[in-house]
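First up is the structure itself, then whatever we jot down about it.
The values are calculated or read from the model by the stated rules, or taken from the named source; none is laboratory data. Because the structure is a prediction, the values reported are computed rather than measured. Virtual Cβ from ideal backbone geometry, glycine too; neighbours counted across all protein chains shown.
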Amino acid sequence: MEEKDGRLQVVRAGQLKEKGNRGTLRLCYLILLCLFFCASDSSWGFDSLSNGLTGFWGFSDSTNVAHATVGTDLGLHNVSGSDWVLGGLGGAVYVDRSTWLIVTHNIPPGTGGGSRVNEWTILMDIMVPTSSKGQWVSLYQTNPANTNDGDFFVRNTDGALGVAQTGYSANKISYDSWLRVVVSVDNPDFYRIYVNGVQWLEGKIQAIDGRFSLDATLLIFADEDGEDYPKYCSTLAMWNRPLTGAEIASMGNAYTVIVPEHCVEITESGGNTAVKEGGAVDSYEVVLSSKPAADVEIIAAPGDGQIDLGEGPGLPVVLKFNTSNWNIPKTVTVVAADDNVYEGKSPHTTTVEHTAISTDGNYNGIDVASVAVSVTDNELTCGDWGYLRSDLNRDCYVDLLDFAIFAQQWLQIGND
């Protein structure tokens, strides 16, 4: 591999400069949209984009360019002469030759079948400067050791996207222009390339666990023999599933800024929570959607003494998240408090409310969904196993009231 003076830098909006002062290129963000929602927004459908999001890197931290808003911080290879600058609405990272980013995508092996990752999507907002025109520009490398050719390129002759094994796009990139490039992969069903929400390539189908499956890490902009000419990147994101064409179209182009929303996600096992006194228990999971800047406590508090979350009937439990475990779900086990009070045959409902406490303003006091719990009683009355034939009013007693009903029925028969 040919070694050059590689460096990474964050460039503030409106002050993006090519290496060597070959001109000034404007990084202008026209619209600020929050595309990843924990609450549903059916009018836009952006809620689905948070499903399967395993990594998001916006290069918005001037002191830590590798910072992950969602997922694991990037690895930076061959960084020297670092000079981060941040301002405006966001930043970008300049990636020179022999310099690349290392993405730990956190997608489990076997996703999509096989032993590697065979279903995945990557989004990258990139700009390839005119100085790289006529050169190969690697966009990603699936070999963590970088000992063979890259796997996704801007072709040197015409600016098409792809490689020979998948085919190249008929469309060509515009140099010095920001592009939102998305690759959606479902081996062995499809390999698709999109630019600015429009499909550019229906690639050749690839094999499970083949060249376009993933190991635990993915190298962004790497190539083993120097075909990695300079480029800029302002956003990276990865999903553990192939995004649909409609989802990709909804994200628009690189001038639509993607900002993952900070929220607390709750997933109920089986889609609901139902328990029974002295019997069935249930559970749900709680996790943060993004890495917090400080510890976050989620207080789960039963609405009454009908249920026990582990500290006693009606008492709250505290779930603690930090910068290391924020993306690891915590389980809340719900048990019905077994009392001696008959509460009817039909289940009744109680609620678990949640409160977020943190010195991180993105999480402190934010709205968190409650969990409705269906509780079934286990106390029995005489009617639960049937009534005596003489208990005519079904009150579990045979008394004068029943005799009165009998007398009325007897007299009615006599009159008939």
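Could you tell me whether residue 301 is over 30 Å from residue 323 (Cβ atoms), modelled with pLDDT of 90 or more and in a strand (DSSP E or B)?
Values: over 30 Å from residue 323 (Cβ atoms): no; modelled with pLDDT of 90 or more: yes; in a strand (DSSP E or B): yes.
So residue 301 fails the test.
Inspect all residues belonging to the stretch 99-118 and state whether any of them is in a strand (DSSP E or B), surrounded by fewer than 16 Cβ atoms within 10 Å (Cβ to Cβ), out of contact with any strand residue (DSSP E or B) (no Cβ under 8 Å at 6 or more places or on another chain) and in contact (Cβ under 8 Å) with a residue 40 or more places away in the chain.
No; the residues of the stretch 99-118 include none that is in a strand (DSSP E or B), surrounded by fewer than 16 Cβ atoms within 10 Å (Cβ to Cβ), out of contact with any strand residue (DSSP E or B) (no Cβ under 8 Å at 6 or more places or on another chain) and in contact (Cβ under 8 Å) with a residue 40 or more places away in the chain.
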Can we say residue 210 is in contact (Cβ under 8 Å) with a residue 40 or more places away in the chain, assigned to a loop (DSSP other than H, G, I, E, B) and surrounded by fewer than 24 Cβ atoms within 10 Å (Cβ to Cβ)?
-> no
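Small (Gly, Ala, Ser) and either closer than 24 Å to residue 228 by Cβ or at pLDDT 75 or above (or both): which single residue out of 66, 39 fits that description?
Numbers: 39 fails: either closer than 24 Å to residue 228 by Cβ or at pLDDT 75 or above (or both).
It is 66.
Would it be correct to say that residue 71 is surrounded by 17 or more Cβ atoms within 10 Å (Cβ to Cβ), under 18 Å from residue 237 (Cα atoms), at pLDDT 70 or above and touching a Lys or Arg at 6+ places or on another chain (Cβ under 7 Å)? Spell out how you get there, then give the answer.
Numbers: surrounded by 17 or more Cβ atoms within 10 Å (Cβ to Cβ): yes; under 18 Å from residue 237 (Cα atoms): yes; at pLDDT 70 or above: yes; touching a Lys or Arg at 6+ places or on another chain (Cβ under 7 Å): no.
It is false that residue 71 is surrounded by 17 or more Cβ atoms within 10 Å (Cβ to Cβ), under 18 Å from residue 237 (Cα atoms), at pLDDT 70 or above and touching a Lys or Arg at 6+ places or on another chain (Cβ under 7 Å).
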Give 380, 319 a once-over and let me know the one that is among the aliphatic types (A, V, I, L, M) and modelled with pLDDT of 90 or more.
-> 319
Residue ID - surrounded by the fewest Cβ atoms within 10 Å (Cβ to Cβ), chosen from residues in the stretch 130-153 that are without any contact (Cβ under 8 Å) to a residue 60 or more places away in the chain and within 31 Å of the chain's Cα centre (by Cα) | 145
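Inside the stretch 213-258, can you point out the residues that are hydrophobic (A, V, I, L, M, F, W, C) and assigned to a strand (DSSP E or B)? If you could, list the steps in order and put the result at the bottom.
As a first pass, look at the stretch 213-258 and keep what is hydrophobic (A, V, I, L, M, F, W, C): 214, 216, 218-222, 233, 236-239, 243, 246, 248-249, 251, 254, 257-258.
Once the filter is applied, which keeps residues that are hydrophobic (A, V, I, L, M, F, W, C) and assigned to a strand (DSSP E or B), the stretch 213-258 yields 214, 218, 219, 220, 233, 236, 237, 238, 239, 257, 258.
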Flag if residue 325 is out of contact with any Ser or Thr (no Cβ under 6 Å at 6 or more places or on another chain), polar (S, T, N, Q) and in a loop (DSSP other than H, G, I, E, B) = yes
Unmet requirement for residue 255, which otherwise passes all of (1) aromatic (Phe, Trp, Tyr); (2) under 18 Å from the mean Cα position of the chain (by Cα); (3) under 20 Å from residue 200 (Cα atoms) = (2)
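In this structure, does residue 346 turn out to be loosely packed, with under 15 Cβ neighbours inside 10 Å, farther than 28 Å from residue 106 by Cβ, free of Cβ contacts under 8 Å to residues at least 24 places away in the same chain and not aliphatic (A, V, I, L, M)?
On the way: loosely packed, with under 15 Cβ neighbours inside 10 Å: yes; farther than 28 Å from residue 106 by Cβ: yes; free of Cβ contacts under 8 Å to residues at least 24 places away in the same chain: yes; not aliphatic (A, V, I, L, M): yes.
In short, yes.
Could you please find all residues in the stretch 328-373 being polar (S, T, N, Q), part of a loop (DSSP other than H, G, I, E, B) and over 21 Å from the mean Cα position of the chain (by Cα)?
Let us first name the residues in the stretch 328-373 that are polar (S, T, N, Q), namely 331, 333, 340, 346, 349-351, 355, 358-359, 362, 364, 370.
Subsequent filtering for residues that are part of a loop (DSSP other than H, G, I, E, B) retains 340, 346, 359, 362, 364, 370.
Passing the criteria: 340, 346, 359.
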Do we have residue 226 as farther than 17 Å from residue 127 by Cα and not β-branched (Val, Ile, Thr) here?
-> yes
Return only the number of the condition from (1) of a type in the set (A, V, I, L, M); (2) under 17 Å from the mean Cα position of the chain (by Cα); (3) assigned by TED's automatic domain parsing to the domain that holds residue 179 that residue 249 does not satisfy.
-> (2)
Meets criteria (charged (D, E, K, R), assigned by TED's automatic domain parsing to the domain that holds residue 254 and either in contact with a Pro (Cβ under 8 Å, 6 or more places away or on another chain) or under 14 Å from residue 212 (Cα atoms) (or both)) for residue 180 | no
Would the stretch 279-290 turn up any residue that is assigned to a loop (DSSP other than H, G, I, E, B), closer than 22 Å to residue 103 by Cβ, at pLDDT below 95 and outside the structural domain of residue 360 (by TED's automatic domain parsing)?
-> no
Filter result for residue 222 (crowded, with 19+ Cβ neighbours inside 10 Å and touching a strand residue (DSSP E or B) at 6+ places or on another chain (Cβ under 9 Å)) = yes
